[in-house]
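S.K.: Have a look at this one.
The values are calculated or read from the model by the stated rules, or taken from the named source; none is laboratory data. Quick caveat, the model's predicted, so the values are computed rather than measured. Note that we place each Cβ from the backbone using ideal geometry, even for glycine, and neighbour counts take in every protein chain shown.
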Amino acid sequence: MRLIIMGPPGVGKGAKSKLLIKQYQIPHISTGDIFRELFSGDYEIGKIAKSYVDRGALVPDDITNEIVRQRLNQADVQKGFLFDGYPRNIEQAEALEQFMKDKGWKIDAVFNVQADDNILVKRISGRRVCKTCGAVYHIENNKPKVEGICDLDGGKLIQRVDDREETISHRIKIYQQQTKPVISWYEDKNLLVHIDGSKDINHTNEQIMKVLGEIN
Ligand code: ADP
């Protein structure tokens, strides 16, 4: 299975991705996670990416596409994958299409998870992540057992710099302007599956599983 999950920031793509990668035993390719991993090392490219990510802007396409191109050459993704957060504009969608052609592969489905903007802001501003393992919590909906501490490894929970209130609206705006056209692009190719992200996670999971049953 070669899948893509799309949706505005805060819609819960991460949680839904977990379900998909478990079901299909495919690797998760999150460009956001790749950039955050690059920050923690002393890489020039990580510093450049951070300057965009922290202010809620898209990392330039040449960097992003090259990272994806290299990732697609790694052994674990040869049989399938789930892209999360890529492609995020038409140029990236075209680059991905070319990568697929070069490999003789095709995308099987694109999930578009939707929710209202007011839900998104609430979800993102309350999000906290473990500084060490990256596990995701929410201060109201998904609290850790001990406040501020990760259940999994005892790491400190922090707020991502780009999850601060002043940056969220900018990320949503970029999504509306640049990423939404990608949704229509995949719709025209008959690959798009709409998922309601405002319902609870079990309901969303059910919708996803039903659609995947039909694709298989
Ligand atoms: P979210 O979906 O909540 O915005 P991500 O982890 O997917 O979170 O992305 C975080 C940030 O990483 C984005 O705001 C952007 O700066 C950068 N980023 C991730 N994917 C891409 C991409 N495909 N193109 C450009 N920038 C990206």
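S.K.: From Gly10, Gly41, Gly46, Gly32, which residue is under 17 Å from Lys199 (Cα atoms) and of a type outside the set (S, T, N, Q)?
M.R.: Residue meeting the stated conditions: Gly10.
S.K.: Which residue, of Asp102, Asp117, is surrounded by fewer than 16 Cβ atoms within 10 Å (Cβ to Cβ) and closer than 30 Å to Glu206 by Cβ?
M.R.: When all the criteria are applied, what remains is Asp117.
S.K.: Among residues belonging to segment 21-35 that are in a helix (DSSP H, G or I) and near the ligand (Cβ under 7 Å from one of its atoms), point out the one that is nearest to Glu166 (Cα to Cα).
M.R.: Among those residues, the one meeting the criterion is Gly32.
S.K.: Only one of (1) at positive phi; (2) under 17 Å from the mean Cα position of the chain (by Cα) is not met by Gln176, so which one is it?
M.R.: So Gln176 meets the others, but not (1).
S.K.: Here's something else I'd like to know. Test Val11 against the stated conditions and say whether it is β-branched (Val, Ile, Thr), under 17 Å from Val161 (Cβ atoms) and within 11 Å of the ligand (Cβ to nearest atom).
M.R.: No.
S.K.: Restricting to segment 169-193, name every residue that is within 24 Å of Val110 (Cα to Cα), within 12 Å of the ligand (Cβ to nearest atom) and not charged (D, E, K, R).
M.R.: If the condition is that a residue be within 24 Å of Val110 (Cα to Cα), within 12 Å of the ligand (Cβ to nearest atom) and not charged (D, E, K, R), then Ile172, Ile174, Tyr175, Gln178, Thr179, Val182 are the ones that fit.
S.K.: If you check Asp200, Asp162, Asp196, which single one turns out to be surrounded by 15 or more Cβ atoms within 10 Å (Cβ to Cβ) and under 29 Å from Ala109 (Cβ atoms)?
M.R.: Asp162
S.K.: If you don't mind, there's one more thing I want to ask. Across segment 37-78, which residue is farthest from Asp102 (Cα to Cα) among those that are more than 8 Å from the ligand (Cβ to nearest atom), at pLDDT 95 or above and outside any helix (DSSP H, G or I)?
M.R.: If we take residues in segment 37-78 being more than 8 Å from the ligand (Cβ to nearest atom), at pLDDT 95 or above and outside any helix (DSSP H, G or I), then Gln74 is farthest from Asp102 (Cα to Cα).
S.K.: Let me ask another. Could you check Gly154 against (1) modelled with pLDDT under 85; (2) loosely packed, with under 13 Cβ neighbours inside 10 Å; (3) closer than 27 Å to Ile34 by Cβ and say which number it fails?
M.R.: Gly154 satisfies every listed condition except (1).
S.K.: Based on this model, can you work out whether Ile107 counts as β-branched (Val, Ile, Thr) and either closer than 20 Å to Asp162 by Cβ or modelled with pLDDT under 90 (or both)?
M.R.: Here the answer is no, as Ile107 does not meet what is asked.
S.K.: Same structure again: With the requirement that a residue be among the hydrophobic types (A, V, I, L, M, F, W, C), more than 16 Å from the ligand (Cβ to nearest atom) and assigned to a strand (DSSP E or B), what does segment 145-160 give you?
M.R.: Ile149, Leu157
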